[in-house]
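Working notes, structure below.
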Amino acid sequence: MAKDNQKNLAREIITKYDWFIFGVALAGWSFASMDLNLYSINLPFILEDFHISLQLAGVMTSIIFAGATAVVWALGPLLDSYGRKTVWQISLLFTALFTGFTIFATTAALLTLVRVLADGFSYIEFPTGITIANEQFPEKHRGSMYGWVQGGFPLGYFVAVMTSYMVEPYFGGPYVGWRYAFLFGIIPIVVVIIMRLWVKEPERADYMLKAKKLVKEGKLEEAKKLLEKYNMDLSQIAKITYKQMFTDPKLKKQNIVTTLAELSHEIATPALFFFTSTALIYYKHFPPNLVFITLAIATFLAFLGYGIMGHIGQRIGRKKGSTIIGLLGGTSVIFFALSRGYLETMISTLLFYPLVLSWNGTWWSYIADTFPTRVRGTAESWQVGLNDFAWIIGSFIYGFVITSIGFASTYILLAAIPVILGAIIIWIFGKDADPNARLEDIVW
């Protein structure tokens, strides 16, 4: 009996393999983010190169995210059907391939197609990395470690800024040489692909996949015994994962709540991050060099914010941590919306970047905590797809709204209010979860 109880205790020791997964997950997410943000950083130069209006750029960007959403939602259930490791490797391989193809885009239509494929596969990296990391890391350190892994998003943004800043001057400046930044961007991605040859399937997922195979073979007792360690429900194990999320009473409410919170928070992302360089150049009249410097500092601060919020969420709970940082982030956007002059705008950018982005330092571990192993990969993919779905809306309307009501009103309406609303939704309706508990003890 003591032995059975011991195997169910929360793990506290961080192994060398845990640190290896930490490094691989951080690097993978950083370079997937780098690919995504090479586009957003260079968008004002792409507009000039292809002679595209801001309104058309918003439509084009929304199409890119629509395609990426379809890729993520279509491939997400494969994590729970065929394993995390295989999908993790394939996603980054295709990201590298289509990142390199960006250099050959000679029309806006071709650029849109290439970016749909690159961003779609780069965003499969996101839910796969979340799922593997949270299933692998010890319970007592899960949130703290994943906060830094999730910090790969601003770290990738920082790498994208520095790559553009250093590469483009050698190819005629940003208005001409933006394509070459994408070409150089494939190098670190390939390095991570090689590192992942030594990644193993997380034990939880391995047990689940083996149990599914046994169920198909009619060996129900063997499957049931295999699932005992992680308290998985044999009656649900073979069901369609999306169906479980929307019909299982244990999952349905939390899925609806997190869906609404995610949509609200992420509809602000295009204005705040994908069109930031464009807004600073078009509306604040920043020179490109000052934009690069401002965003480099802001993204580094955001990386620190992710890690700090991971620690805070591990101490006070990830639901509470997400609520607090969401309210602070939304409030900081109001300061940015009302800023005037170079100095005030630069300071407000350095403020809202880490505060708004740091929501993700707790949020994604919270999602992993509150969905069981049998649907965790699908749940994370669903949420990531919601990112892109919200970005479709935010990107599509951005150009039309800002040219109609101006800079300040746009950033209050499309950025500050949605971020605050997302925090309020999770605060009032979200499921409580002990940050130090075993994943199986949270969801049952």
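The values are calculated or read from the model by the stated rules, or taken from the named source; none is laboratory data. The model shown is predicted, which means the values in this text are computed figures rather than measured ones. So basically every Cβ, Gly included, is an ideal-geometry build from the backbone, and we count neighbours across all protein chains shown. Side chains included, ligands, DNA and RNA excluded: accessible areas come from the protein's heavy atoms. Shrake-Rupley method; radii C 1.70, N 1.55, O 1.52, S 1.80 Å.
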Å² of accessible area per residue within region 311-392, as computed with a 1.4 Å probe and no ligands counted = 27
At a probe radius of 1.4 Å, what is the per-residue accessible area of Lys213, in Å² to the nearest 10?
-> 130
Residues of region 87-157: accessible area per residue with a 1.4 Å probe, Å² = 24
Can you give the accessible area of Thr106 in Å² (nearest 10), computed on protein heavy atoms with a 1.4 Å probe?
-> 100
Reachable lysines from Lys16, criterion Cα separation under 21 angstrom, eight or more residues apart if same chain = Lys7, Lys85, Lys140, Lys200
Accessible surface of Ile324 in the full protein assembly, 1.4 angstrom probe, to the nearest 10 Å²?
-> 80
How many angstrom separate the Cα center of region 332-361 from the Cα center of region 98-148?
-> 25
Enumerate the calculated ³J(HN,Hα) couplings along region 383-398 in order (Karplus 6.51 cos²θ - 1.76 cosθ + 1.60, θ = phi - 60°), each rounded to whole Hz, writing x wherever the residue is Gly or Pro.
-> 5, 5, x, 5, 3, 5, 4, 5, 5, 4, 5, x, 5, 4, 8, 4
Expressed as a whole percentage, what fraction of the accessible surface of region 332-374 belongs to carbon and sulfur atoms when a 1.4 Å probe is rolled over the protein heavy atoms?
-> 74
Applying the gyration tensor rule to the Cα atoms of region 106-147 (axes a ≥ b ≥ c; rounded if a/c under 1.5, else prolate if a/b exceeds b/c, else oblate), the class is prolate
Got a number for carbon plus sulfur as a percent of region 190-302's accessible area, 1.4 Å probe?
-> 64
Among Pro154, Pro44, Pro288, determine the one that fluctuates most according to a GNM of the chain built with springs between C-alpha atoms less than 10 Å apart.
-> Pro288
Against the longest principal axis of the chain, how steep is helix 203-216, in degrees 0 to 90 to the nearest 10, with axes from Cα atoms?
-> 60
Karplus (6.51, -1.76, 1.60) ³J(HN,Hα), θ = phi - 60°, over region 314-322, in Hz, Gly and Pro reported as x | 5, 8, 9, x, 6, 5, 5, x, 5
Kindly provide the chymotrypsin sites (Phe, Trp or Tyr not before Pro) of region 221-313 that DSSP labels as loop, not H, G, I, E or B, and whose Cβ sees at most 12 other Cβ atoms within 10 Å.
-> none
Hey, what angle do you get for helix 249-266 against the long axis of the chain, alpha-carbon based, 0 to 90 degrees rounded to 10?
-> 10
Correct response: the longest run of the chain lacking exposed GluC sites (Glu not before Pro), defined by DSSP loop and at most 11 other Cβ within 10 Å, is 218-444
Give me the distance between the Cα centres of region 58-91 and region 406-423, rounded to whole Å.
-> 28
Tell me the chymotrypsin sites (Phe, Trp or Tyr not before Pro) within region 98-149 that lie in a loop according to DSSP and have at most 14 other beta-carbon atoms within 10 Å.
-> none
So which residue, out of Leu350, Leu38, Leu290, gets the largest mean-square fluctuation from a GNM of the chain using Cα contacts under 10 Å as springs?
-> Leu290
If you build a Gaussian network model of the chain, linking Cα atoms that sit under 10 Å apart, which residue out of Gln150, Gln55, Gln383 swings the most?
-> Gln55
May I ask for the equivalent-ellipsoid semi-axes of region 11-103, computed as the square root of five times each C-alpha gyration tensor eigenvalue and listed largest first in whole Å?
-> 33, 17, 11
nm² value of the averaged projected area, convex hull over the Cα atoms of region 137-234 = 9.7
